[in-house]
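Comments concern the structure below.
The values are calculated or read from the model by the stated rules, or taken from the named source; none is laboratory data. Given the structure is predicted, the values throughout are model-derived calculations rather than measurements. All Cβ positions, glycine included, derive from the backbone under ideal geometry; neighbour counts span all protein chains shown.
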Amino acid sequence: MAPALREAYRRELAEADALEAAGAWQTAFHHLERAHILGQRHTLAHTKAHLRMLRNGWKRADAREVRGQVVRSLAALLKTVIWVPAGNTGGANVNPLRPMPIPADLKPYLD
């Protein structure tokens, strides 16, 4: 992972950490989605984003998110090297195979 991409990924996770510590679990999830977009082409970063989403869903008692993240975590670990849909936010509320627009502020890290 390129240094600038790694730093952006870590910033999103740190923001999620701070929001979760403050009890803002739903807002934190947004930053986990952004971390997912940044890390989805790198197996460990991709899997970590899904595991963090799993924990977040658990804390929010969101059964759909928990179920979705169990499957997505395993897929990230096993399938990242094959193909990932660019821009996909990684939450259980979106089709895991659907490409999505990449936020403009994240595009420079992914070019």
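Summary table below
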quantity	calculated
Candidates Arg52, Arg64, Arg41, filtered to the one that is modelled with pLDDT of 95 or more, touching a Leu at 6+ places or on another chain (Cβ under 9 Å) and basic (Lys, Arg)	Arg52
Some residue of the stretch 19-31 being surrounded by fewer than 14 Cβ atoms within 10 Å (Cβ to Cβ), closer than 22 Å to Met100 by Cα and of a type outside the set (Ser, Thr, Tyr)	yes
Residues located in the stretch 42-64, provided they are surrounded by fewer than 21 Cβ atoms within 10 Å (Cβ to Cβ), touching a helix residue (DSSP H, G or I) at 6+ places or on another chain (Cβ under 8 Å) and within 21 Å of Leu110 (Cα to Cα)	Thr43, Thr47, Lys48
All positions within the stretch 1-17 that are small (Gly, Ala, Ser) and over 17 Å from Arg60 (Cβ atoms)	Ala2, Ala4, Ala8, Ala14
Residues (surrounded by 17 or more Cβ atoms within 10 Å (Cβ to Cβ) and either closer than 16 Å to Ala45 by Cβ or in contact with a His (Cβ under 7 Å, 6 or more places away or on another chain) (or both)) located in the stretch 76-101	Ala76, Thr80, Val84, Gly87, Asn88, Thr89, Gly90
